[in-house]
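The values are calculated or read from the model by the stated rules, or taken from the named source; none is laboratory data. No experiment lies behind these values; they were computed from the predicted model shown. Methodologically, a virtual Cβ is constructed for each residue, glycine included, from the backbone with ideal geometry; neighbour enumeration extends over all protein chains shown. Accessible surface areas use protein heavy atoms only, side chains included; no ligands, DNA or RNA. Shrake-Rupley method; radii C 1.70, N 1.55, O 1.52, S 1.80 Å.
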Amino acid sequence: MTDSLGPRLKVGVVVPSTNTSAQPELDAMRPDGVTNHTGRMVIADDPMVDAPGFDRVMRGIRTSTHPAIESVTGCDPDCVIIGVSPESYWKGPGSHGRVLDTMREAAGGRPVTMSPDAINAALSAYDARRIAVITPYLPVGDDPVSRFFSGSGYDLLRLHGLGRSSPARISHVSEAELRDAVKTIDSADVEAIVQVGTNVAMARLAAVAEFWLGKPVISNNTVLYWYALRQNGIADSVRGFGSLLSAH
């Protein structure tokens with residue numbers, strides 16, 4: 001017997017308790033026969049304006065991620081998406097494999113999707129190495145993102161932080177701000193634009209920007225869901241969220 005609503009794939013998703021963008025965006029992308037099941041990392045909405053504050057948020061994420069994963073494994077999902085970015089970038093590319101291993105262990109050995117792997121796969125699909133990046137952070141959060149992409153071999157031409165001061169305030173980024181950020185960092189030498197931060201609601205705007213710019217514009221939630229689907233045998237073309245889901 002298979003799940004009546006999710007006979008093709010059941011996706012576990014874990015996000016911080018402050019995140020109000022990832023769940024609705026991922027649900028909007030679901031192909032027929034695929035269901036999402038969300039668990040919450042319980043964290044405080046602490047300020048992220050300096051290193052001590054960012055560290056407090058990171059500690060909250062670290063201590064609550066495994067319990068959140070375990071909270072969704074009871075429904076026996078086929079895979080798990082880790083819908084949080086800072087942990088993936090904070091200590092650089094060398095730490096990612098170890099972090100991913102701990103997530104898989106908490107998920108009972110199930111496949112786990114995290115932002116670095118998804119973004120690397122997408123940029124490889126587009127054969128893009130010269131990139132510009134949008135983050136929701138102040139400089140204390142921008143720095144590790146910059147180090148991660150540079151350390152992963154990308155030519156990071158520009159990085160623009162949107163300056164949000166706490167995890168919950170990231171969801172307040174407007175489409176107008178995102179439009180202006182895309183304009184700020186784009187140029188002829190940029191092969192792809194990447195947005196990080198799963199509490200930024202950019203999935204639909206990224207698709208529109210991609211159409212007008214004629215180049216990939218990769219939103220964090222879209223790339224996570226695309227990679228989870230493709231790695232778990234769902235090859236459906238999903239329209240309305242850009243070329244990644246519709247053509248790759």
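Numbers below:
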| quantity | calculated |
| --- | --- |
| For residue 187: the one exception among (1) modelled with pLDDT of 95 or more; (2) assigned to a loop (DSSP other than H, G, I, E, B); (3) open to solvent by 40 Å² or more (accessible area, probe 1.4 Å) | (3) |
| Test set (1) modelled with pLDDT of 95 or more; (2) of a type in the set (Gly, Ala, Ser); (3) part of a helix (DSSP H, G or I); (4) crowded, with 20+ Cβ neighbours inside 10 Å - residue 201 fails condition number | (3) |
| Residues within segment 126-143 that are in contact (Cβ under 8 Å) with a residue 40 or more places away in the chain, part of a helix (DSSP H, G or I) and either crowded, with 19+ Cβ neighbours inside 10 Å or under 14 Å from the mean Cα position of the chain (by Cα) (or both), tallied | 1 |
| Scan of segment 1-28 for residues that are aliphatic (A, V, I, L, M) and in a loop (DSSP other than H, G, I, E, B), ordered by number | 1, 5 |
| Hits in segment 227-243 - residues which are open to solvent by 20 Å² or more (accessible area, probe 1.4 Å) and within 15 Å of residue 120 (Cα to Cα) | 227, 230, 231 |
| Cβ-Cβ under 7 Å pairs, at least 6 apart or on other chains, segment 75-98 side aromatic (Phe, Trp, Tyr), far side at pLDDT below 95 and open to solvent by less than 10 Å² (accessible area, probe 1.4 Å) | 89/144; 89/145; 89/148; 90/58; 90/144 |
| Cβ pairs under 7 Å, 6+ apart, first in segment 1-24 and closer than 30 Å to residue 56 by Cβ, second among the hydroxyl-bearing types (Ser, Thr, Tyr) and assigned to a loop (DSSP other than H, G, I, E, B) | 15/198; 19/198; 21/198; 22/198 |
| Residues (under 29 Å from residue 228 (Cβ atoms) and in contact (Cβ under 8 Å) with a residue 60 or more places away in the chain) located in segment 35-64 | 43, 45, 46, 48, 54, 57 |
